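K.L.:
One structure, as structure tokens, below. Some questions next.
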């Protein structure tokens, strides 16, 4: 597949298909292919994933150049050659053609923010982004998977793109993690089963800590008449259940899956202690959210920081309101999702009818509480665990909810001291 991602105008453009390599590609334009609908071309080719790279260089005047490209390929071993395909209209590549060398950065799965930052800038594209010089002196982005120092060997016309053939001068792997890919209009990361197994191994301390206080969690759930779960942050994008208990006779309609994507409203009990940039990234997962919705989630981050807990409240349908969110997390847990499926899951979670607005609890008023979450510090003092109470009795007075909070805080204390 040939696709350029967010070059100088932060849009995605499909490249024209090219035939077998010959001396010139300029005469190979098939006029019949022009009848293919461009949107159909995008949709069909979007079902094949591409890697994402950032090409960097230094202009003749010393300015730093950077361009996001999704059409990077290995071409030849003898001699070592690679290629990438920028749009003909790219102003950045026009300047790069005058560079004596270019460096190709293969990006890691957690560098999507860097891609978006570079793609949306017209100048000073690496401002605020960590990098170090390659042997040729071109920028290597910190935490990129690998870098390849090259010089342009040939530039060939191919429809609305150039095919840029580059000779490899030097190269190295600097961060052997899963790469960032672009597929079906979204960014993602390839993760094999061995990496998932490693992830499971890394949450073992959280599992041990949670099960060390299982009796306290069970006693709290039985006293309140609810289900209770302890989650741990696997990464800034996912939480995993490490303990789950349910009081006898309690309906588990509000329970979530064992692996949960951190998409607002999920994750506020973890994200509140993160940097402002990470909070913005979390909220940004709600594509097209209104200012009112964004403010609700920002207020929740402030509230949990100051009060150590958060409540959500049910609409008229009661715990059935959690059904779409629960089903979405179950689908997410199944894994092997395409980017379009993952976006649908995020939308289902973000569009929940649950009321997440912050409220002060009045002792004499009655509430249909959907869930209560409390952040928990791990032994290193980092807020990486969350205690969640769900399927709570309906119509509880504010005074009763405060009693639930007192019980939950005692469990948090046990978790933190375990």
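All of the numbers you see were taken from the coordinates with simple rules; none came from a lab. Remember, it's a predicted structure, so these values are computed and weren't measured experimentally. We place every Cβ from the backbone using ideal geometry, glycine too, and count neighbours over all the protein chains shown.
K.L.:
For the stretch 266-356, evaluate the Debye formula with one uniform point scatterer on each Cα (no solvent term) and list log10 I(q)/I(0) at q = 0.10, 0.22 Å⁻¹, rounded to two decimals.
P.N.:
-0.28, -1.26
K.L.:
Need one number: the % of Cα-Cα pairs in the stretch 194-417 sitting beyond the 27 Å mark.
P.N.:
Values: 6815 of 24976 pairs.
Of all Cα-Cα pairs in the stretch 194-417, 27 percent lie more than 27 Å apart.
K.L.:
How would you order 282-295, 402-415 from highest to lowest mean count of nearby Cβ atoms within 10 Å?
P.N.:
Values: 282-295: 13.9, 402-415: 17.0.
For the peptides 282-295, 402-415, the packing ranking is 402-415, 282-295.
K.L.:
For the stretch 35-126, what is the largest minus smallest coordinate of the Cα atoms on each principal axis, given in angstrom and ordered from greatest to least?
P.N.:
The Cα atoms of the stretch 35-126 stretch 42, 37, 33 Å along their principal axes.
K.L.:
The stretch 123-173: percent of C-alpha pairs farther apart than 18 Å?
P.N.:
Details: 601 of 1275 pairs.
Here the tail beyond 18 Å accounts for 47 percent of pairs.
K.L.:
Sorting check: for 235-245, 206-216, which peptide has the highest mean count of neighbouring beta carbons within 10 Å, and how do the rest follow?
P.N.:
Details: 235-245: 19.1, 206-216: 17.0.
Top to bottom by mean Cβ count within 10 Å: 235-245, 206-216.
K.L.:
Which whole-angstrom value gives the distance between the alpha carbon centres of the stretch 375-418 and the stretch 59-82?
P.N.:
Here the answer is 52 Å between Cα centres.
K.L.:
Sticking with this structure for a sec: Calculate how large, on average over all directions, the projected area of the Cα convex hull of the stretch 293-418 is; give the answer in nm² to one decimal.
P.N.:
Numbers: hull surface 36.3 nm².
Across all orientations, the stretch 293-418 yields a mean hull projection of 9.1 nm².
K.L.:
Just need log10 I(q)/I(0) for the stretch 212-296 at q = 0.12, 0.22 Å⁻¹, Debye formula, equal scatterers on the alpha-carbon atoms, no solvent, rounded to two decimals.
P.N.:
-0.46, -1.02
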